[in-house]
Each structure stands twice: as structure tokens, then as C-alpha cells.
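The values are calculated or read from the model by the stated rules, or taken from the named source; none is laboratory data. Everything numeric in this text was worked out from a predicted model, so none of it was measured. Here Cβ is always computed from backbone atoms with ideal geometry, including for glycine, and neighbour counts include all displayed protein chains. Areas reflect the complete protein model, heavy atoms only, side chains present, ligands, DNA and RNA absent. Shrake-Rupley method; radii C 1.70, N 1.55, O 1.52, S 1.80 Å.
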Amino acid sequence: MSGSGSAVKKKTEEWLRLADDDLRLARHAFKLKSAAPYKLISYHAQQCAEKCFKAYLVFNKIDFPYTHDLAVLLELCPSSEDWTKDIRKAATILRTYAITTRYPGENRINQKEALRAVALADTVWKTIIKALAKEGLKISIRLVK
């Protein structure tokens, strides 16, 4: 890898590491002895997906705006890639947790919804990791299992 290629790989892995942290935290929060914070679990699931998209965009040297909107980030990914169609629904559902979970209000999230959010984030995670590997990224960090 060239010097710039090495920097791109490093930045991509930084985004993946952050995504890994969010997904691990979301999964771990279900184990809390008191009531699990389902809003926060859903928020971290969304954050995992967001950071996966950003990792993909960084690896492909595609600039992206400062946004938490998964639909915007997904639209920046090449539409010729089959995987983008496969995770469009997951991105649409998860995008709602970027903002609504940050503020007080009537938006209540139950365990079932939080479990679904984590499952969707896991789908995005696996899909993007597979796409990056197909494009030649050899990941040298520990990934969520």
C-alpha cells in the first residue's frame, strides 16, 4: 500500500473501531441488572451503522458531509454495489434513532425495538465488512463477534 493508501486504511480502521465500540456497548447494555436503557441501545445501534458507512466512504475516498443521516451516507455509496440495496431498509429504520433517542419526549423504545435495532446494526456491520474485504481491505483490528 502506498503512503496515502496506508493512511486511508488507518482512517478506515479508526471508523470501524468506533463502530465496533458502539455495537459492543449496545449489546452489553441488555445485561444491565436494572432496566436497560433501550433508547441508548438503539442510539448506539444507529451510531454503529453510521460509522460503518463512513468507514466505507473513507476507504473509497468519497467525501461525506457532517451528518448522522444514514440515507444521505448510503446515497453517497456507489449504487452499482449490490449490498447497498440489501441494507437500505435497515438504514431507513436505524436513521430514526439518530435524533429521536437524544431528546426527551414521547418516543419510547421497548426491548423488542432495541433488539431489532441491534440486529439491523449487525446486518449493516457484516455487510460493510464483507464489502470492504471484497474491495481489498485486510482488517487488522479485532472485530465484534
Pair Lys85, Arg17: separation of 7 Å Cα→Cβ label points (nm) = 3.6 nm
Pairwise FRET efficiency - Ser6 versus Lys126, Cβ, R0 = 35 Å, nearest 0.05 | 0.85
In the neighbourhood of Thr92 defined by beta carbon distances under 14 Å, the net charge of the other residues (Lys, Arg +1; Asp, Glu -1) is +1
Probe 1.4 Å, protein heavy atoms only - accessible area per residue of region 53-143 in square angstrom | 59 Å²
Stretched fully, the stretch from Val72 through Asn60 gains (0.36 nm per residue minus C-alpha distance, one decimal, in nm) 2.7 nm
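Counting only protein heavy atoms and a 1.4 Å probe, tell me what percentage of the chain's accessible area is made up of carbon and sulfur.
That share works out to 56 percent.
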Extending each Cα 7 Å along its Cβ direction at Asn110 and Phe30, get the distance between those two points in nm, one decimal.
-> 1.6 nm
Would you work out the charge dipole size for the chain about its Cα centre, treating the Cβ of every Lys and Arg as +1 and the Cβ of every Asp and Glu as -1, and quote it to the nearest 20 debye?
-> 540 debye
Within the chain, which complete DSSP H helices have Cα atoms spanning at least 18 Å along the helix axis and a mean Kyte-Doolittle hydropathy of 0.0 or higher?
-> 38-59, 111-134
Could you tell me what % of all Cα pairs in the chain have separations over 26 Å?
-> 23 percent
If contacts are Cα pairs under 8 angstrom and at least 6 residues apart, what is the relative contact order of the chain in percent?
-> 31 percent
